[in-house]
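Trainee: A single structure is presented below for examination.
The values are calculated or read from the model by the stated rules, or taken from the named source; none is laboratory data. The model shown is predicted, which means the values in this text are computed figures rather than measured ones. Counting neighbours? That spans all protein chains shown, and the Cβs are built from the backbone with ideal geometry, glycine included. Remember, those area values only see protein heavy atoms, side chains included, never the ligands or the DNA or RNA. Shrake-Rupley method; radii C 1.70, N 1.55, O 1.52, S 1.80 Å.
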Amino acid sequence: MKVILLQDVPSLGRVGEVREVKEGYAQHYLIPRGLAAPATAGNLQHLQATQKATQDREARITSETAGLKAKLEALVVEVPAKAGEGGRLFGSVTAQDIAEAITRKGIEVSKKQIDLPEPIKTAGFYKVPIHLHPKVSAMVEVNVVGTA
């Protein structure tokens with residue numbers, strides 16, 4: 001019996017795949033638990049429509065994030081912070097501070113998207129990666145300016 005997998009099944013396959021399984025396995029295990037659906041003509045058409053919609057959505061999101069990546073990489077963000085001798089900051093510049101500075105430039109970015117392994121503690125220029133999408137990241141130049 002052919003079935004369409006609705007969820008990942010470890011020994012069988014991933015979501016959206018059509019698999020040939022024994023009828024008892026399908027009727028008594030996969031279908032009642034919502035793991036699979038029979039591979040009828042209507043279900044196959046629905047699967048194809050769903051896959052096409054997913055591909056279209058993914059392509060649209062990828063093109064939008066590519067435009068956003070270009071804007072972010074052309075940006076130099078200045079973050080003012082109180083500093084002492086030698087450019088050593090009294091506090092530190094965190095992902096939240098960088099996100100706020102980018103938002104003031106007109107681009108919405110959350111602090112969770114910024115990959116800052118540890119806070120910045122000295123003045124200077126830094127390249128900070130920002131994750132826009134699982135497949136797209138941008139490097140933003142951050143200038144930490146020490147003020148008296």
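Trainee: Out of the trypsin sites (Lys or Arg not before Pro) in the range 1-81, which ones are loop residues according to DSSP with at most 12 other C-beta atoms within 10 Å?
Mentor: Answer in residue order: Arg14, Lys22, Arg33.
Trainee: Between the range 1-60 and the range 70-139, what is the C-alpha centre distance in whole Å?
Mentor: Cα centroid to Cα centroid, the span is 43 Å.
Trainee: At q = 0.32 Å⁻¹, what log₁₀ I(q)/I(0) does the range 10-49 have when each alpha carbon counts as one equal point scatterer in the Debye sum?
Mentor: Log10 of I(q)/I(0), two decimals: -1.27.
Trainee: Would you compute, from DSSP H runs of 4+ residues alone, the mean residue ellipticity of the chain at 222 nm, taking -39500 (n - 2.57) per run and dividing by the full residue count, rounded to the nearest 500? Before the final figure, lay out the partial values.
Mentor: Details: 2 runs with 43 residues, N = 148.
After summing the helix terms and dividing by the residues of the chain, the value is -10000 deg cm²/dmol.
Trainee: Quick one: with all protein chains in place, what share of the accessible area of the chain is carbon or sulfur, to the nearest percent (1.4 Å probe)?
Mentor: Numbers: 5110 of 9560 Å².
Carbon with sulfur: 53 percent of the solvent-accessible area.
Trainee: Another one. According to a simple spin-label model (label point 7 Å from Cα along Cα-to-Cβ), what is the distance in nm between Asp115 and Val76?
Mentor: 2.5
Trainee: So between Ile107 and Ser11, what do we pick up on full extension, going 0.36 nm a residue minus the alpha carbon distance?
Mentor: Length gained, Ile107 through Ser11: 30.1 nm.
Trainee: To the nearest 10 degrees, how steep is helix 95-104 against the longest Cα principal axis of the chain, on a 0 to 90 scale?
Mentor: 80
Trainee: Taking R0 as 25 Å, what FRET efficiency do you get between Lys52 and Met1 from their Cβ-Cβ distance, rounded to the nearest 0.05?
Mentor: Numbers: r = 26 Å, r/R0 = 1.02.
FRET efficiency, Lys52 to Met1: 0.45.
Trainee: log₁₀ I(q)/I(0) of the range 1-82 at q = 0.14, 0.18, 0.21, 0.23 Å⁻¹, via Debye over equal Cα point scatterers, no solvent, to two decimals?
Mentor: Values returned for q = 0.14, 0.18, 0.21, 0.23 Å⁻¹ are -0.60, -0.78, -0.93, -1.03.
Trainee: Could you derive backbone 3J(HN,Hα) for the range 61-74 from the dihedral phi with the Karplus parameters 6.51, -1.76 and 1.60 (θ = phi - 60°), listing whole Hz in sequence and x where the residue is Gly or Pro?
Mentor: Using θ = phi - 60°, the values come out as 5, 5, 5, 5, 5, 5, x, 5, 4, 4, 5, 5, 6, 7 Hz.
Trainee: Tabulate in residue order the Karplus-calculated ³J(HN,Hα) for the range 7-15, using 6.51 cos²θ - 1.76 cosθ + 1.60 with θ = phi - 60°, rounded to whole Hz; enter x for Gly and Pro.
Mentor: Per-residue couplings from phi come out as 9, 5, 10, x, 8, 10, x, 9, 4 Hz.
Trainee: Would you mind calculating the relative contact order of the chain from Cα pairs under 8 angstrom and at least 6 residues apart, reporting the percent as a whole number?
Mentor: Computed value for the chain: 20 percent relative contact order.
Trainee: If I model a spin label at Ile31 and Met139 as a point 7 Å from the Cα along the Cα→Cβ vector, what separation in nanometres do I get?
Mentor: Reported label-point gap for Ile31 and Met139 is 5.5 nm.
Trainee: Can you report the principal axis dimensions of the range 36-79 using only the alpha carbons, biggest first, rounded to whole angstrom?
Mentor: 58, 17, 7
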